[in-house]
Each structure stands twice: as C-alpha cells, then as structure tokens.
Amino acid sequence: MENIYLPHSAIVQEIIPETPDIKTFKLTFEDEGLQKDFTYLPGQFVEFSVYGVGEAPFCLASSPTRPGQIECTIKKMGKVTQAIHDLEVEDQVGIRGPYGNGFPLKELRGRNLVLVGGGIGLAPLRSLIQNVLDQKDEYGDMVIIYGAKSTEDLVYQKELQEWQNSPGVKMVLTVDPGGEDQKWQGEVGLVPTVLEKVNPSPDNRVLVTCGPPIMIRYVLLSATGKMGYQPEQIITTLEMKMKCGLGKCGRCNIGKIYICQDGPVFTYQQLKDLGTEF
Amino acid sequence: MKRLVRKEELKKMLAELMENYDIIAPVNKEELIFFQPITKVEQILWDYPNSLKPVKEFFLPPREVLFQFNQGKVQPADLPPKKRLIWGVRPCDARSLLLLDKVFLNENKDIYYLEKRRNTALIGLSCNHPQESCFCTSFSSGPHSKDGLDLLMTDLGEETFLLESNSPRGEKLLKGRGKEVDKAGEEKREKIKEKAERKISRRLEPDEVLEKLISGFDNPYWEKACRQCISCGICRYLCPTCHCFDLADEDSERVRFWDGCSFPSFTKMTSGENPKFAKKERFKQWYYHKFSYFKQNHSVFLCVGCGRCLRNCPVKIDFSEVLEQLPARAQTPPREG
C-alpha cells in the first residue's frame, strides 16, 4: 500500500536566482515512470523535503502543459527554505503531492482573465499564465498586473518580457513608491491602486489574485467596489500553516474547510460563505 | 457469541494469549492507572477508574519515526510484526478509535496507523463505576458499549465475567471458553449495565451545542470562558480523539509528534503571520473542531465523553460546562468588511 507521507526522490536540474532572496528550482523525479506520469493543476502545491532538515509546502510555479520538469519558486524565510537555498544543481530532494484543489480551469475556459500578483505571489499565477498561453484558443484576453516592493524584487524578469510581447496579453508592472530605479518604465504605486487605474472591465472576466494577505484584502475591496466585480468572479489563494497536506494534521482549517485539501484556491464568494470564521 | 467465563479461566486465557500476542493492559503505577505492555497476568487490574492516558498512544504514538534517511534513500520505519492485544480497554476509549479511523483510514490511508489498528485486538471491560466527570451516554454510547471492540467483558461479581464477541476476531478468541450464558446471567448483566448508566449524571446535548456554536463564533462569551486557560495543552494530549500532529526531521529521521491547537506555534507561519495567535481563538478551535467542524465533515461528534479533560485540567476548567453555558442565539454585531 502507498505510504502517503513518503517523499519521492527528485534531482535539482537548474537553479535560477530571481531576487536577492528568491530562487526558482527546476526539478525532475529520479523515477522515470513517475516523471512521465506526474501531472497537476495550476494552483496545486507540493511538499518539498530536504532530508534531515524538514519539509515545507510550495506551490508549483510551472505548468502541466510544459512537462519534463517541475518548478518551485522559493523565498528564503526559515530553516527549510534556507536549506533549499543552499542546494546545488544535482542535489537530491524529496517531493510529494500534488495537493490541493488548483485553479478551476474548466470554469476559466472561454473567459477573459485579469491576474493580479504581488511579490512571490506571482508563482502560482505563473503556472496559470503558462497554461493559458499554451492553450490560447481556449481563453479570452489576459490582463496581468504584477507588483513588487522594488525593481529588484520582481520575479521571472525575463519571462515578464515574453508575456508582455504575447498577443492578447496586456501587462502592467508596478513597484511600491521608492522602489523604482532610473531605468524603470512601469508604474509606481501599490497593486490595488494600479488595478483600479487599469480598470479591466468585469464583462465575462475572472480576476485571480495571489500575494500578501494585505494586498489581497485591498484587491478584493477595489474589485468588488467601483470596478463592479461580483464575488464569484474573483479567485484567490489562501495561505495557512500546513504539515501533512492531506487534511490530517489539523492546523490549516478555517471553519470546517481544510486549506490543504479544500483549497488553497477559493472564490471570494466561497470565502464570504465561510462567514465570520474567515 | 456470549459466554460466561470464570476469572481463573480468563487468567489462563491471557497467559495462553501471551504466547502469540504482546499484551497491553491496565496496571497501577504509583497510584496512577496506565495501559502498558505486561509480561505477567498478576500485574493486571480488574477493576479500575479509567487510565490517566487513553490508548491512542498505541496507534498514534507521541513520537513516531516515519522514515530514516540513509545516503539519499528514504526508508520507511519497520512496523511491529507481533500481534498486540489490548486487554481491559474501556468502551469510551474503544469508541475513540472509531473516530480516529475517520481521519487516518479515509481515502488517504495512513499506513502507520492502519498497521497498528489491524494488528491489535481490543478486549474491552464494561465500566461499572463511572466517575462524576464521565459523560459517554451523551453520545449514543455508554459504559457497556461494544462499539469498536472485538470482545467485551462485563464483571458480574463472584469471580464471573460475561464475555460478548463483537467481531470475527473476538468470536475466535472466545470460542470454546467458559459456558453458555443462562437467563440469570443475562439479567444480572442488564441490571449492572443500567446501574452504571444511571451513575452518569453529567449530560451534554451535542446537537444543541452544535447549533449554539454555529451562531456563537463571535460571541463575547469566549473572552470570558478562556480567561482561566493557561494553554498547557494537557486536555489535547490526554484526549482520546485529539490527533493533531507535527512532522519534523531529527538528524536522519522524519518524525511525527503530537501537537495541539492550544499552542500558538501550531498555526504560526514562517512569515510570522498567525491566524490563531489569540488565546481565545486557540481555545475555541478545540470546541469547534470537536462539536462543529468534525460533525459537519464526518457526521459524528469528535468526543466520547471520557472526562479526562475535566479531571486533569490544572486550572479546573469544566469543559462540558463551557459548552453548556455558551448562550444560544448570540446577539452579535454585524461584521464589517
């Protein structure tokens, strides 16, 4: 019988420094069969082990439409992420998953999208963006609004340019006031403010937002306020302390909902339905 | 199958079983009752108030090695090969395992828990002397319930026990022992059962509690109710149904530890954010998990009424009273934002 806690051995193929404290890790499973069969949805996450140090959950930043490897973008925050940042190419790590519900692709098909990201919150959105770009015919237009504290805190810098140049994509980048440098050509201002300024029409559109909780809070307010989005048109991801990823260890619940299994992706309407416990 | 078995014969049966099973049974250790592996039948207690710790530790140990990391290989820890038999487990604790099964034996089966469950026979002992803190009858159960047991023993007095099987494994263990149960035996057992049930005066109405909890999440009552709590976590650790755990690496091992919602670290994220930092939130989580969330997710309350939380709280919080005193239909101001 399968051991649900058993990590699968994976090898670090490439490490891309994104910002002073964020790196992207490209991994392949050691087991070729698993590498071939491993599939997932944008928005799902894995438990990433450094043997002897520990395990922590990270969203998959890559897209299942680009098989061959999986990618996680990880910010140095604590013990496990420090150990991950110390990894070198060809090092062995452990991966189990994927876990969580992922973005509701079926419901996004045929719709226009506006993706609103802040900081490392672009990681799960990148999975969705790549997925949409690879299946362009199935989606409407896509507006991407992405911001970080400063120009050097923007992740996926090379890819941002590719997205900008893709047909049907409108991208607006912003940095917090004071975070711009002389070459900066994007916006200066907080993400919710820039979102209001760009003001993509809610017609047949879904807004997906990931980022720091405070940013999400104001994005929800802006979108449902003047911009006229309905709560069921807005999708976000929640973050909670997680250990098992399987709804057993007991710490990631909001009310009766377990974020690791029932989430991490929710519509704003679903969060409202959780009532006072959210 | 039901049989009347003399105590002497039960002792012989145990001695026989010791050859094939590791026997875990209640013993007296410095005036406290513990379940632990035994090697001699004489160590066993035949009449005792329920043990300090529940038997969950034999299925979900406080510290359990899941894997060993050895030069890049992840080796799952060996599972115990010898069969185990827990002798004298109380009906409330047996029932708690059925509740834990809902967490660990659902579609994502936990092999560590499963193997121990599969490997362990449960021989219960009816509870003839419930304590003031007991309230098992509030959960459609009782001091003579067979739920979750392979075999239930009831002490009829005069060195005689009525044994009743409740599974094929129990039937096999009982086959050929003692003699048939006569009418007098049945009647005696029924009387003892009723007497035991009558002794339980503490009562909770779980369905009413659920309703009150659903409307009372923001009730200021919780501020007051949690004031005394020192967040020591003993109620969580001694609860037979609390099962929250942590996973961590120690050198070359991945270990599972008991954890609990009374501790601020339980929900603290690496970023420093902590949605349940406030004592009130941690205090509530326990009640809501047991009487609201678990019920909504699994159609059953996550409590067996064993009373350990009540008996062992160092600041004497009366757990069932906290729920009883929660006001019905709370008047809460509308939430902003």
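A single entry from A:150, A:63 fulfils the requirement of being of a type in the set (Gly, Ala, Ser) and not assigned by TED's automatic domain parsing to the domain that holds residue A:182: A:63. Per the conditions (1) within 20 Å of residue A:41 (Cα to Cα); (2) more than 11 Å from chain B (Cβ to nearest Cβ), the sole criterion not satisfied by residue A:225 is (1). Within the set A:248, A:241, the sole residue that is under 18 Å from the mean Cα position of the chain (by Cα), assigned to a loop (DSSP other than H, G, I, E, B), within 24 Å of residue A:54 (Cβ to Cβ) and within 9 Å of chain B (Cβ to nearest Cβ) turns out to be A:241. Residues in the range B:85-112 that are crowded, with 18+ Cβ neighbours inside 10 Å and either more than 13 Å from chain A (Cβ to nearest Cβ) or touching a His at 6+ places or on another chain (Cβ under 9 Å) (or both): how many? Matching residues across the range B:85-112 total 17. Of all residues in the range A:121-158 being surrounded by 14 or more Cβ atoms within 10 Å (Cβ to Cβ) and among the acidic types (Asp, Glu), which is nearest to the chain's Cα centre (by Cα)? Looking at the filtered set, the residue picked out is A:153.
Selection within the range A:97-119: residues that are surrounded by fewer than 20 Cβ atoms within 10 Å (Cβ to Cβ) and in contact (Cβ under 8 Å) with a residue 12 or more places away in the chain. The member of this set that is nearest to the other protein chains (Cβ to nearest Cβ) is A:101.
Quick check on the range B:263-296: of everything there that is among the small types (Gly, Ala, Ser) and within 12 Å of another protein chain (Cβ to nearest Cβ), which residue is farthest from residue B:229 (Cα to Cα)? Among those residues, the one meeting the criterion is B:271. A single member of A:235, A:257 is more than 7 Å from chain B (Cβ to nearest Cβ) and over 19 Å from the mean Cα position of the chain (by Cα), and it is A:257. In the range B:238-256, the residues that are outside the structural domain of residue B:61 (by TED's automatic domain parsing) form Cβ pairs under 7 Å with partners that are of a type in the set (S, T, N, Q), at six or more places apart or across chains, as follows: B:238/B:312; B:240/B:96; B:241/B:96; B:252/B:68; B:252/B:70; B:253/B:68. Only residues that are part of a loop (DSSP other than H, G, I, E, B) and either more than 26 Å from residue B:240 (Cα to Cα) or at pLDDT 95 or above (or both): list them for the range B:28-43, please. The answer is B:40, and nothing else. Count of the range B:247-273 residues, restricted to those that are surrounded by fewer than 17 Cβ atoms within 10 Å (Cβ to Cβ) and assigned to a loop (DSSP other than H, G, I, E, B), is 8. Considering only the range B:43-66, I want to know if a residue exists there that is of a type in the set (Lys, Arg), closer than 21 Å to residue B:152 by Cβ and free of Cβ contacts under 8 Å to residues at least 12 places away in the same chain. No, because not a single residue in the range B:43-66 is of a type in the set (Lys, Arg), closer than 21 Å to residue B:152 by Cβ and free of Cβ contacts under 8 Å to residues at least 12 places away in the same chain. Here residue B:72 fulfils each of the conditions (1) within 14 Å of chain A (Cβ to nearest Cβ); (2) out of contact with any Leu (no Cβ under 9 Å at 6 or more places or on another chain); (3) crowded, with 18+ Cβ neighbours inside 10 Å apart from (3). Among the residues making up the range B:212-232, those that are touching a Phe, Trp or Tyr at 6+ places or on another chain (Cβ under 8 Å) and either away from chain A (no Cβ under 14 Å) or of a type in the set (Ser, Thr, Tyr) (or both) are B:225, B:226, B:229, B:231. Of all residues in the range A:199-233, those being within 30 Å of residue A:74 (Cβ to Cβ), touching a residue at least 12 places away in the same chain (Cβ under 8 Å) and assigned to a helix (DSSP H, G or I) number 9. In the condition set (1) in contact with a Lys or Arg (Cβ under 9 Å, 6 or more places away or on another chain); (2) surrounded by 18 or more Cβ atoms within 10 Å (Cβ to Cβ), residue B:287 is compliant with all but (1). Any residue at all in the range B:233-244 that is within 14 Å of chain A (Cβ to nearest Cβ), buried (at least 18 other Cβ atoms within 10 Å of the Cβ) and in contact with an Asp or Glu (Cβ under 8 Å, 6 or more places away or on another chain)? Scanning the range B:233-244 turns up at least one residue that is within 14 Å of chain A (Cβ to nearest Cβ), buried (at least 18 other Cβ atoms within 10 Å of the Cβ) and in contact with an Asp or Glu (Cβ under 8 Å, 6 or more places away or on another chain). Would you check if there is a residue in the range A:70-91 being modelled with pLDDT of 95 or more, of a type in the set (A, V, I, L, M, F, W, C) and closer than 24 Å to residue A:143 by Cα? Yes - at least one qualifying residue is present in the range A:70-91. Within the range A:260-278, the residues that satisfy the criterion of being part of a helix (DSSP H, G or I) and more than 8 Å from chain B (Cβ to nearest Cβ) are A:260, A:261, A:262, A:268, A:269, A:270, A:271, A:272, A:273. In the range B:57-69, of all residues being within 14 Å of another protein chain (Cβ to nearest Cβ) and not in a strand (DSSP E or B), the one that is nearest to residue B:153 (Cα to Cα) corresponds to B:59. Taking every residue in the range B:11-29 that is surrounded by fewer than 18 Cβ atoms within 10 Å (Cβ to Cβ) and pairing it with any residue that is among the aromatic types (Phe, Trp, Tyr), at least 6 positions away or on another chain, the pairs with Cβ-Cβ distances below 9 Å are B:28/B:34; B:28/B:48. Of all residues in the range B:297-318, none satisfies being touching a Gly at 6+ places or on another chain (Cβ under 7 Å), within 14 Å of chain A (Cβ to nearest Cβ) and hydroxyl-bearing (Ser, Thr, Tyr). Among residues of the range A:239-251 that are on the phi > 0 side of the Ramachandran plot, those with a Cβ under 6 angstrom from a residue that is in a loop (DSSP other than H, G, I, E, B), sequence gap 6+ or separate chain, pair up as A:250/B:244.
With the requirement that a residue be part of a loop (DSSP other than H, G, I, E, B) and at pLDDT below 95, what does the range B:143-158 give you? Result: B:158, single match.
The condition of being at positive phi, more than 17 Å from the chain's Cα centre (by Cα) and more than 11 Å from chain B (Cβ to nearest Cβ) holds for only one of A:33, A:68, that being A:68. With respect to the stated conditions, residue B:297 fails to be touching a helix residue (DSSP H, G or I) at 6+ places or on another chain (Cβ under 9 Å), surrounded by fewer than 20 Cβ atoms within 10 Å (Cβ to Cβ), in contact (Cβ under 8 Å) with a residue 60 or more places away in the chain and not small (Gly, Ala, Ser). Residues that are of a type in the set (A, V, I, L, M) and assigned to a loop (DSSP other than H, G, I, E, B) were ranked within the range A:59-109; the one that is farthest from residue A:270 (Cα to Cα) is A:89. Taking the listed residues B:25, B:15, the one that is of a type in the set (Gly, Ala, Ser) and either closer than 30 Å to residue B:249 by Cβ or outside any strand (DSSP E or B) (or both) is B:15, with no other qualifying.
The values are calculated or read from the model by the stated rules, or taken from the named source; none is laboratory data. Predicted model only: the values in this text are computed from it and were never measured. FYI the Cβ positions are ideal-geometry reconstructions off the backbone, even for glycines, and counts take in every protein chain you see.
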